[in-house]
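Data block below; observations after.
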Amino acid sequence: QVQLVESGGGLVQAGGSLRLSCATSGFTFANNGMSWYRQAPGKERELVARITASGISTNYLDSVKGRFTISRDNAKNTMYLQMNSLKPEDTAVYFCKVWSLNYWGKGTLVTVSS
């Protein structure tokens, strides 16, 4: 059974930082690309960042480039999203997803106050 468990969200002031984690099980993590998505209240879910299976290649939503860093630890079956210089518009529920599988975790809420 594929499981994706996001954690690390919380309430932070604008300009602050958070590190999200996505703990996975039930599939071969090291063989799969992974992504972070987010969904703000009343908005569509959007792709924030993605990383290849090896971790060598990454891509980012334009609005988070230079502030967010996606990474992974294949030995721990875990993916991360380091978020710096947070803005109120980053407020959303953040989800992780396997590129090749249609499974979603419950997400973790990030709230950035101004």
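Scan the range 1-24 and report the pairs whose first residue is touching a residue at least 12 places away in the same chain (Cβ under 8 Å) and whose second residue is open to solvent by 50 Å² or more (accessible area, probe 1.4 Å) and aromatic (Phe, Trp, Tyr), with Cβ atoms within less than 7 Å and a gap of 6+ or a chain change.
Pairs that qualify, where the first residue is touching a residue at least 12 places away in the same chain (Cβ under 8 Å) and the partner is open to solvent by 50 Å² or more (accessible area, probe 1.4 Å) and aromatic (Phe, Trp, Tyr), are Val2/Tyr103; Leu4/Tyr103; Leu4/Trp104.
Working only within the range 16-55, note down all residues that are among the hydrophobic types (A, V, I, L, M, F, W, C), surrounded by fewer than 16 Cβ atoms within 10 Å (Cβ to Cβ), out of contact with any Phe, Trp or Tyr (no Cβ under 7 Å at 6 or more places or on another chain) and closer than 21 Å to Asn84 by Cα.
Correct list: Ala40 only.
Exactly one of (1) in contact (Cβ under 8 Å) with a residue 12 or more places away in the chain; (2) open to solvent by 70 Å² or more (accessible area, probe 1.4 Å) is unmet by Asp62. Its number?
Asp62 satisfies all of (1) in contact (Cβ under 8 Å) with a residue 12 or more places away in the chain; (2) open to solvent by 70 Å² or more (accessible area, probe 1.4 Å) except (1).
So which residues in the range 67-104 are under 17 Å from Ala40 (Cβ atoms) and modelled with pLDDT under 95?
Once the filter is applied, which keeps residues that are under 17 Å from Ala40 (Cβ atoms) and modelled with pLDDT under 95, the range 67-104 yields only Trp104.
For the range 42-93, which strands (runs of 3 or more DSSP E) that fit wholly inside it have 2 or more residues that are among the hydroxyl-bearing types (Ser, Thr, Tyr) and within 20 Å of Lys106 (Cα to Cα)?
78-83
The values are calculated or read from the model by the stated rules, or taken from the named source; none is laboratory data. Keep in mind the model is a prediction, meaning the values are calculated, not measured. With ideal geometry, Cβ positions are generated from the backbone for all residues, glycine too; neighbour counts draw on all protein chains shown. Keep in mind that these areas ignore ligands, DNA and RNA; they rest on the heavy atoms of the full protein, side chains included. Shrake-Rupley method; radii C 1.70, N 1.55, O 1.52, S 1.80 Å.
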